[in-house]
Structure formats: structure tokens, C-alpha cells
Amino acid sequence: MIDKKEKVSVITLGCSKNTVDSERIISQLRLNDKDIIDDPEKADSVIINTCGFIEAAKEESINTILSAVELKKSGQLKKVYVAGCLSERYMNDLKIELPEVDRFFGTEDYKNIVEEYGGDLKYELLGERELLTPKHYAYLKISEGCDNPCSFCAIPIMRGGHISKPIEKLEQEVNLLAAKGVKELIVIGQDTTDYGKDIYGKRVLGDLLNKISENEDIKWIKLLYAYPSHFPDEAIDIIASNPKLCKYIDMPLQHISDNVLKSMRRGITKRRTIELIDKLKNRIPDLTLRTTFISGYPAESEKDFKELVQFVKDVEFDRMGVFDYSPEDNTVSFDMGDPISEEVKEERRSILMEIQKDISFQKNNSLIGKQMEVVIDDISEDRYIARSRRDAPEVDGEVIIESPEVYLEPGSFNTVEIYDCNDYDLFAKLNSK
Ligand code: SF4
């Protein structure tokens, strides 16, 4: 049993879904009179909200746990707790390998965490979150888990099957966030396009986006983690017509050759992928399309890779990321081994990113002289770091405003004129008109 004014530090690793989980943990602990502090070296206990997605993320999680264990051994910390995906996935092994850890929790294991601190879960306040993002934007996690059978992915092992959050609950959450000053929502889930099929019997992502846009304080909404094989048609027109819904879609494709898509169990073909992209671009003017690919998947031949290279050149995505294939135990593709060397994976990734760099530069260059609305994220030295409707936080480029005459409040929306660019960022000056 730990006394009431315990100082707790919550360390968040991994993706934006983990960020939301940590925000809930922090809010619940604070509601149970715990002090939440940033620095684990000054805390009585630490909760590490881990990531278990791929090898690199697992390593980072383990190293973070080991550092906390060192702090405990040196007497600076009383308790070390581990939660999140890595813990959910490998709890029994971790208990054996890391006996210094006081307790392991799963994903979204709020009740057990709060009770470990002698408190009780405030169910009615589970929508409450203490934001870890700048106060003017927040991630809105609309569902948990995933029903897709992607051969390489361990997320369903850690997060379970797809569960949508009821619209009323999300509306409440949006109202709470807006009341805190949030103006931009980043809609996330493992597969946002599956929203509603479990609780409403059909995919109703479009209706949800319209509903949450009704909050008058919310100005921008961006959609991430769309899944290509079942993109709800009605959502396309809703994104196109609703002014608060940024013409921004993140849709990981992972690959394009039919041979690889089949092996990855993505449930879509090259032809249907291209048809979907054409449909999105035709029906949503000025669409900003983000995607991610995997390089070096076991079944990827040189020919498959060349096909992907040509596809990236042809489509010209606005934003693109590439991850090296990481064999994950208990996934379908794990049994295929890891035949493609790290060097080749890296080489293929850099070839793709080199192409994307040029595409991104051309697109940025075409914006010079244009006006656009941006939100101020941060101030560093004499420049403002901002984002436009084309930029999601943490993953996309920025709009940099060099030393304007006036002070710009973080979270404020301003119209700027683009006067320069580099591969990924834009340089702007405040619109004097
Ligand atoms: S859509 Fe595929 S890659 Fe994404 S979380 Fe689900 S199983 Fe994993």
C-alpha cells in the first residue's frame, strides 16, 4: 500500500494510441490524489507504458524498463510498473526475466493500475484525459483492437479484436477535450475504417466524423489509420463536403504487388488499390494522402520491389513512410523466416524514401506564393513551428514562420504566405493583408 501523495511518473512509448492510454492513466491517478511528475528520477514510482510492435520498439521498451530498474536499485525509485503492448504480449516471460519489476499490467488495464495505488477507478470519468500533446490538439481513439489478418502484424495479439467506442461516448470525450481548449482532433484506431461495424452492424465512420465535427470549438479533424480494403464509400463524400474535416487521409498500404499483398493477407489487390486511390483523389479535391510501406517482406522479390518503386513514382503520395520488415513471433509470416538481409531492407527503404523526397519537394515547391491557414504548435528561438491542414502532428512536415513582428499564441490559427520550402517543410511569413 503506497501513501496518498505518491509522486508518479508515467513514461509513454510507441504510438498515439498508447499516448491516449497514458493520458487516461494519468487522469485517473490524479483523480485519486496522486502527484504526476515528468522526471522519473524525482518520482516514488514509475509506470512505463510500453510498445511491442516491432523489434526496435521492443528493444526501446526493454531499455527503458532496465533504466528504471537501475533507479530502483539505487534507491531513487520505490516501485517500477510496466504496462502496455510489450507487457500484454510477453507478460509471463517478462515476469521471469525482470523480477525487479513490481507488477506488469496489460493494455488499457486502468482498473488494476489505479487499485495498485490504493485508489478506485472513476468509470464515469474514463473519458477524462490529461493531455500529453500540446493543449490545442488531441488524438481521438475511436476503437481498440483489429480484426484484419495481416500476416506480419502482432497488434491483434496485443490489442485483441476490433471494438468501436459508441458515438455518444466519443461525443462526450470530444466535448471534454474541446472544453480544455482542443481545436484539432486526430482520429486514430488500429483500423479507423472499420468503425461501427461491431456495434451498429455497419461501418459508419462518415457519420462519426460528421457528429464530432458538430462541436463548435473543434476546427480541424484529420483521419489516420484507414484500411484500404473496406474504405466506407459514404465517408469519402463526407470528408469532401464537411469543411472541418481536413482533406487528409492516412492509409497504410504496406505494399502494391499482388504477390506480396496476397502473402500479407491484406485482402486487396493492386487494381483495387489503384481504383480506391483514384476515387479518393477524384472525389476529395486537394486531398493530402499519407501512406506507409514495408520493405523486405519475406515474399518480396526484386520484381515485386520494382513494382512498388514504379507505383510510388506514379501515385506521388503527399506523405510516405517505410518500415523494414521485422519478423514477429506468433504472426503468420513469422514461419517464412527473414530471408531478406537488413542491408537489402535498408537499401530498398532508402530507394523509396529518395523518390519520395523529390516528390515531396516538388509538391512543396508548387505551394510557394500560396496562402494557407496554419496552427501554431510551438515556438523555438525566433521561429514558430506550425502545421497546416496537410500535416498530421509528429509524422509530417511543418510550416516554419520566421520571426514575425507579432506574438503568435500556441494553438492559434493564422493565415500565412509560403515563400520557400525544403524537402519536407515549408517556410512562411504572416499574411500582412
Ligand atoms: S490493419 Fe493489419 S497492420 Fe494494422 S493493426 Fe490491423 S492487423 Fe495490424
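The values are calculated or read from the model by the stated rules, or taken from the named source; none is laboratory data. Note that the structure is a prediction, hence the values are computed from the model and not measured. Counting neighbours? That spans all protein chains shown, and the Cβs are built from the backbone with ideal geometry, glycine included. Calculation scope for accessible area: heavy atoms of the full protein, side chains included, ligands and nucleic acids excluded. Shrake-Rupley method; radii C 1.70, N 1.55, O 1.52, S 1.80 Å.
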Task: Mean-position separation - Cα centroids, the range 259-310 and the range 343-389, in angstrom - done: 22 Å
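Remind me, relative contact order of the range 137-365 in percent, using alpha carbon pairs under 8 angstrom and six or more residues apart? Intermediate results must be reported in sequence, preceding the final value.
Values: 404 pairs, mean separation 39.8, N = 229.
Worked out over the range 137-365, it gives 17 percent.
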Open item on the list: Suppose we keep just the DSSP beta bridges with both residues in the chain; what percent of those would be antiparallel, to 5?
Closed with: 35 percent
Open item on the list: Need the list of aspartates and glutamates near K281 for cross-linking: C-alpha distance under 14 angstrom, and skip anything on the same chain fewer than eight residues off.
Closed with: D233, D237, D250, D314, E316, D318
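When ligands, DNA and RNA are left out and all protein chains stay put, how many square angstrom of accessible area per residue does the chain have with a 1.4 Å probe?
Ligands and nucleic acids excluded, the figure is 43 Å² per residue.
Within the set K58/K95; K279/K429; K135/K370; K122/K169; K211/K244; K58/K222, which residue pairs have Cα atoms separated by over 23 Å?
On the way: K58/K95 15 Å; K279/K429 35 Å; K135/K370 28 Å; K122/K169 15 Å; K211/K244 11 Å; K58/K222 28 Å.
Distance filter (> 23 Å) returns K279/K429; K135/K370; K58/K222.
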- [ ] Along Cα→Cβ, 7 Å out, is where each label goes; now give me the distance between the ones at N365 and Y419 in nm to one decimal.
- [x] 2.0 nm
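Assign one of three labels to the range 371-430, namely rounded, prolate or oblate, based on the Cα gyration tensor with a ≥ b ≥ c the square roots of its eigenvalues; rounded applies when a/c is under 1.5, prolate when it is not and a/b is larger than b/c, and oblate otherwise.
Numbers: a/c = 1.39, a/b = 1.22, b/c = 1.14.
The shape class here is rounded.
In the range 137-365, what percentage of the DSSP-assigned beta bridges are antiparallel, given to the nearest 5? Write down the numbers at each step before the final one.
Values: 2 of 23 bridges.
Bridges in the range 137-365 that DSSP calls antiparallel: roughly 10 percent.
May I ask you to compute the full-extension gain from K73 to D198, defined as 0.36 nm times their residue separation minus their alpha-carbon distance, rounded to one decimal in nm? Mind dumping the intermediate values first?
Details: separation 125, 0.36 × 125 = 45.00 nm, distance 4.67 nm.
Difference between extended and current length: 40.3 nm.
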- [ ] Find, among the trypsin sites (Lys or Arg not before Pro) in the range 163-214, those assigned to loop by DSSP (not H, G, I, E, B) with at most 16 other beta-carbon atoms within 10 angstrom.
- [x] K180, K202
- [ ] Before anything else, pin down the relative contact order of the range 206-267: Cα pairs under 8 Å, at least 6 apart, normalised by residue count, whole percent.
- [x] 39 percent
Task: Within the chain, helix-based [θ] at 222 nm, where runs of 4 or more DSSP H residues each add -39,500 (n - 2.57), nearest 500 - done: -10500 deg cm²/dmol
- [ ] Measure off 7 Å from each Cα along the Cα-to-Cβ vector at E41 and N259, then give the distance between these two points in nanometres to one decimal.
- [x] 5.3 nm
Open item on the list: Relative contact order for the chain: what percent, with Cα pairs under 8 Å and sequence separation of 6 or more?
Closed with: 10 percent
TODO: Would you mind telling me the share, in percent, of accessible area of the chain contributed by carbon and sulfur at probe 1.4 angstrom?
DONE: 51 percent
